[in-house]
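What follows is a single structure, written as C-alpha cells, with notes after it.
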Amino acid sequence: MKSKLVLFLIACTMMSITTMAQSVKIGYADVDYILSQMPETKQVEAELRTLNTQLQNQLQTKYQEYQQKLQAYQQQASTMADAIRQEKETELAQLEQRITKLQQDAQSNIQQKQGDLMQPLYEKIGDSIEKVAKANGFTYVINGQIGGIDVVLYADEQYDISDLVLTDMGITPTPPSE
C-alpha cells in the first residue's frame, strides 16, 4: 500500500514538472549588441571621451609642473641649504601625492559618469525587453552575453529577441561588425 502511494506521488510530481516545463518559454537578448545599435550609446561614448580628455589634460598639466619642479630641484640640490632642500623634497612629495590622488579621482569620475549616463539606456532596454517578452509569451529572458563573455552556451536563434527589442525601441538593427 505504501509503495503504491509513493509511486502515485512520484507520478503526480513528474506530471506536474512536465506540465510546468511545457508552459515555460525562455528567450535571450544580447544587451551588448542592443547597446551597440543604439544611437544614444555613441553620444555617451563621445561624452566620456570628452571627459577623459579634460581629465587627462589636467593630469598632464600637474605632471609637467611636477617635472619642472623636480628638474629645478635636481639642478640646485647640491647648492641648497639642508632646510631648503628638505622643504623642496616635501613639496615634491606632496605634489606627487596630489597627482596620484588626481589620477584616482579621474578614474572614479569616469566610472561614475559612465554609470550615470548608461543607467537610462539600461532602463530603456529593460523596459523594451519586458514589453517584447510579454507580447511574445516569454516566461524568462536572459542575457546572452555579459561583457563579451557568453553566458548562454547554446541557444536556438529563434529565441533571440535582441532585434525585436531594437525594433520596439524604433531602431533598425544592422548586422554587427566583426
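Would you confirm whether or not the stretch 114-136 contains a residue that is in a helix (DSSP H, G or I) and over 30 Å from residue 175 (Cβ atoms)?
Filtering the stretch 114-136 for residues in a helix (DSSP H, G or I) gives 114-135.
Now drop any that are not over 30 Å from residue 175 (Cβ atoms), which leaves 116.
For the stretch 114-136, residues in a helix (DSSP H, G or I) and over 30 Å from residue 175 (Cβ atoms): present.
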Some residue of the stretch 146-155 being farther than 20 Å from residue 43 by Cα, touching a residue at least 12 places away in the same chain (Cβ under 8 Å) and surrounded by 13 or more Cβ atoms within 10 Å (Cβ to Cβ): yes
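So which helices (runs of 4 or more DSSP H) are wholly in the stretch 1-100 and hold at least 3 residues that are modelled with pLDDT of 95 or more?
Working: elements: 2-23, 31-37, 39-76.
Answer list for the stretch 1-100: 39-76.
Please work out if residue 108 is within 30 Å of residue 27 (Cβ to Cβ) and assigned to a helix (DSSP H, G or I).
On the way: within 30 Å of residue 27 (Cβ to Cβ): no; assigned to a helix (DSSP H, G or I): yes.
Taking the combined requirement at face value, the residue does not satisfy it.
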Meets criteria (in contact with a strand residue (DSSP E or B) (Cβ under 7 Å, 6 or more places away or on another chain), surrounded by 13 or more Cβ atoms within 10 Å (Cβ to Cβ) and in contact (Cβ under 8 Å) with a residue 60 or more places away in the chain) for residue 129: yes
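Considering the stretch 61-120 alone, what residues qualify as being over 30 Å from residue 48 (Cβ atoms), among the hydroxyl-bearing types (Ser, Thr, Tyr) and either surrounded by 11 or more Cβ atoms within 10 Å (Cβ to Cβ) or under 35 Å from the mean Cα position of the chain (by Cα) (or both)?
Quick first cut of the stretch 61-120, residues over 30 Å from residue 48 (Cβ atoms) only: 68-94.
Applying the additional criterion that residues be among the hydroxyl-bearing types (Ser, Thr, Tyr) yields 73, 78-79, 90.
73, the sole residue that qualifies.
Would you point out the residue of the stretch 115-130, among those that are in contact with a helix residue (DSSP H, G or I) (Cβ under 6 Å, 6 or more places away or on another chain) and not β-branched (Val, Ile, Thr), that is farthest from residue 47 (Cα to Cα)?
The first filter runs over the stretch 115-130 and keeps only residues in contact with a helix residue (DSSP H, G or I) (Cβ under 6 Å, 6 or more places away or on another chain), leaving 117, 121, 125, 128-129.
When the remaining residues are screened for being not β-branched (Val, Ile, Thr), the result is 117, 121, 128.
Values: 117: 9, 121: 14, 128: 25 Å.
In this case the residue turns out to be 128.
The values are calculated or read from the model by the stated rules, or taken from the named source; none is laboratory data. Owing to the predicted nature of the structure, the values given are computational and were not obtained by experimental measurement. Don't worry about glycine lacking a Cβ; one is built from the backbone with ideal geometry, like all the others, and counts go over all protein chains shown.
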